[in-house]
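Below you'll find the structure, written out as structure tokens, and then a few comments.
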Amino acid sequence: MADTKRDYYEVLGVDKSADDAAIKKAYRTLAKKYHPDLNPGDAAAEKNFKEVNEAYDVLSDPDKRAKYDQYGHAAFDPASGMGGAGFGDFGFDISDIFSSFFGGSSTAGTRRNGPIRGDNVNVRLTLSFEEAVFGCKKEVSYYKVQQCPDCGGSGAAPGTSPKTCTACGGSGQVRVQQRTLFGMMQSSKPCDVCRGTGKTIENKCSRCRGSGFERVQKTLEVNIPAGIDDGQQIALRYQGSDGMNGGTAGDLNIIISVRPHSVFERDGDDLYCDVPITFAEAALGAEIDIQTLEGSQKYTIPEGTQTGTVFTLRNMGVQRVNNPKVRGNLYLTVNVEVPKNLTNEQKGLLEKFAASCGESNYSKRQSFFKKHRKN
């Protein structure tokens, strides 16, 4: 049930006033923390991972977030009767509401009789980190509204056709007079008989029940370009819902979500990676294995490397979308790992080493205490 779910803002650990950047940052942190690849066999982590993705799916979408803020989980629960419905889902047009208050609109009939563009369809597609970086082909399934194949969108039974409305003469509008404080006022409103369409249907199509349209599922194979990032969109023109009265179809907008990587953090075209090294490797220098998009390779750490040092591997990041000649950098941040659980022998050796170094080998330590004495 919807009321058993945790609040989405609570799931991500953000305030209700959080902006898109804060929500995205929280999602990436938690998704990495609970990712199944990093928690194999952990049922609780898998459950948390799904919960985090569900929360992000809603809060990262402005329309869904607005509905959630207003109705909570019930906005997406079919049993609640809401389901995020708009005005059109209740069988009336918003222009009808304005007509009842303002005595009609001179453009209402024109809008209904003229070409009307179909609605855009938005669908979210989740990719692995590698699929986003290198590109891939994916099948996308979605629902759209299309013209009824039996009646061709007319709404009339096969072999028949709509008739011109006799009440409005096919204009879709009728003139009305109203008595006001300023005398008799004349205005127009959508025809009640044909509901502003200018046509009436005597024999309705049995397949679409006179609407002229039906909801269908469609599947497309989509080329995902290399370098696409989380939150970006791919627009496929005219693949959305069909238009009315000869209007063009809407677009299919594919909103990309990218699962986090266990090693890399991505920021635009650049990649960031934390590299742990031993105390000995930092002090003496070493050739270590590092991870890149092309796989593991050797990298030389110079002697005396301090923790927090960042090494830049130019043109080793992600290629820019639709521009393979431009590629970001890979930034390696070195973290020196201090050994634990030393034996007595190891401790003795380390004490001798420390005594042999004195203070001369630690420039940052000397600088720190000089500043401290000045203060």
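Every read-out reported here was derived from the displayed coordinates using simple, explicitly stated rules and does not represent laboratory data. The structure presented is a predicted model; accordingly, all values stated were derived computationally and were not measured. Backbone-built Cβ (ideal geometry, glycine too); neighbour counts: all protein chains shown.
Since only P162, F134, G183 are under comparison, the one whose Cα sits farthest along the positive direction of the charge dipole of segment 123-213, derived from C-beta charges on Lys, Arg, Asp and Glu, is G183. With a Förster radius of 22 Å applied to the beta-carbon distance between A167 and S211, the computed FRET efficiency rounds to 0.60. The charge dipole of segment 175-332, taken about its Cα centre with unit charges on the Cβ of Lys, Arg, Asp and Glu (plus for the first two, minus for the last two), comes to roughly 1760 debye. The peptide list 292-299, 148-155, put in order of mean Cβ contacts within 10 Å with the highest first, becomes 148-155, 292-299. Once the Cα-Cα distance is subtracted from the 0.36 nm per residue extended length, the D69 to E265 segment shows a gain of 67.5 nm. With the dipole of segment 113-224 worked out from charges on the C-beta (+1 for Lys and Arg, -1 for Asp and Glu) around the Cα centre, which of I201, G212, G152 lies farthest toward the positive end? Projecting each Cα onto the dipole axis, the largest value belongs to I201.
About its Cα centre, segment 108-259 has a charge dipole of approximately 860 debye under the convention of +1 per Lys or Arg Cβ and -1 per Asp or Glu Cβ, with nothing else charged.
Quick one: compute a quarter of the convex hull surface over the Cα atoms of segment 230-297 and quote it in nm². Projected area, direction-averaged: 6.7 nm². Summing Cβ point charges (Lys, Arg +1; Asp, Glu -1) relative to the Cα centre of segment 148-228 gives a dipole of roughly 320 debye. Projecting the Cα atoms of N335, T309, T292 onto the charge dipole of segment 286-358, computed from C-beta unit charges around the Cα centre, puts T292 farthest toward the positive end. Bridging of K189 to lysines at a Cα separation below 30 Å is possible for K163, K199, K204, once same-chain residues fewer than 8 apart are set aside. With a ≥ b ≥ c the root eigenvalues of the C-alpha gyration tensor of segment 188-234, is it rounded (a/c under 1.5), prolate (a/b larger than b/c) or oblate? Verdict is oblate for segment 188-234. Taking a sphere under 11 Å around the Cβ of E287 and counting the other residues whose Cβ falls inside, with K and R at +1 and D and E at -1, yields a net charge of -1.
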